[in-house]
Amino acid sequence: MKKHIIANIKMNQTPEESKFYLASIISKASALVDKRLTICLPYTSLNLGKMMLSGTDITLGAQNIAEEEEGLLTGEISGRMLKGCGVKRVIVGHSERRSRFKESGQAINKKIKIALKNGLQVILCVGESLVEKNTLKTVASLTAQIDECLKGLYENELENIIIAYEPVWAIGSGKTASVKDIEYGVKAIRKAVENNFSEKAGKEIEVVYGGSLNGKNITSIYNAEGLNGVLVGGACLDAQAFLRMISKC
Ligand code: PGA
């Protein structure tokens, strides 16, 4: 199975900027043949992404989804709206949303169910804080997040879920987790999935890593044991630098 490269544009790019960005990436599509690239655009660029990415092998992603189907939720975006914009995958539970917007595990669980119901694949972010890491609570933290976020799901739904292991202390901080840290976290995630579903589920769930990836650390991390790819934030924003980074994978 090809590995994932997921680009999280976060709150960057006007539609015009996304147009140039996507054009640069699409023109080098040959660099991507052995990878599965997903670009998670801001909402305002999704329609443009739908047009520009149709007919390519690049998947259109979004960065969040409301926990309800529709209605009185000013400023939120529903699964149906995302689907209508051509979105195939959506990031859920990013640590910036958990910390800045106080998203709980329960809310994330609802978002996952709504996304799946609307035929969207989910990129579920989990990760321990620095305090948890320093007090040796990484496994407990990851396990609790997986238990809460995947509660009530059927095992066959896991094929539409990618788990992104994103240690909170490594996101946007310039501090990357070591390959050893990553393999340790990924193992804990697979074990938690196994405990909730089955041994097969723990083995087969796709897990990617995200957190301060760059041109220097990408090769060793991309090849870490048990990983199905990477999620890139800051380092994906410059299309040419990002393409150079991908070429090292
Ligand atoms: P970063 O972001 O690569 O800038 O650390 C990753 C993420 O937030 O998903």
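The values are calculated or read from the model by the stated rules, or taken from the named source; none is laboratory data. The model shown is predicted, which means the values in this text are computed figures rather than measured ones. Please note: Cβ atoms are built from the backbone with ideal geometry, for glycine as well, and neighbour counts cover all protein chains shown. Accessible surface is based on the protein model in full, side chains and every heavy atom, while ligands, DNA and RNA are left aside. Shrake-Rupley method; radii C 1.70, N 1.55, O 1.52, S 1.80 Å.
For the stretch 198-218, the condition of being away from the ligand (no atom under 15 Å from the Cβ), closer than 18 Å to Gly93 by Cα and among the charged types (D, E, K, R) holds for at least one residue.
Are any residues in the stretch 83-94 in contact with a strand residue (DSSP E or B) (Cβ under 8 Å, 6 or more places away or on another chain) and either assigned to a strand (DSSP E or B) or open to solvent by 20 Å² or more (accessible area, probe 1.4 Å) (or both), and if so, which ones? Write out each step before concluding.
Taking the stretch 83-94 first, the residues in contact with a strand residue (DSSP E or B) (Cβ under 8 Å, 6 or more places away or on another chain) are 85-94.
Of everything in the stretch 83-94, those that are in contact with a strand residue (DSSP E or B) (Cβ under 8 Å, 6 or more places away or on another chain) and either assigned to a strand (DSSP E or B) or open to solvent by 20 Å² or more (accessible area, probe 1.4 Å) (or both) turn out to be Cys85, Lys88, Arg89, Val90, Ile91, Val92.
Residues in the stretch 41-96 that are in contact with a helix residue (DSSP H, G or I) (Cβ under 8 Å, 6 or more places away or on another chain) and free of Cβ contacts under 8 Å to residues at least 12 places away in the same chain: 1 in all.
Yes/no matrix, rows are residues, columns are (1) within 16 Å of the ligand (Cβ to nearest atom); (2) touching a Pro at 6+ places or on another chain (Cβ under 8 Å); (3) of a type outside the set (Gly, Ala, Ser):
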| site | (1), (2), (3) |
| --- | --- |
| Thr143 | no, no, yes |
| Lys151 | no, no, yes |
| Ile161 | no, no, yes |
| Tyr165 | yes, no, yes |
| Ile171 | yes, no, yes |
| Ala177 | yes, yes, no |
| Lys187 | no, no, yes |
| Arg190 | no, no, yes |
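Looking only at the stretch 63-79, count how many residues are away from the ligand (no atom under 13 Å from the Cβ) and crowded, with 17+ Cβ neighbours inside 10 Å.
6
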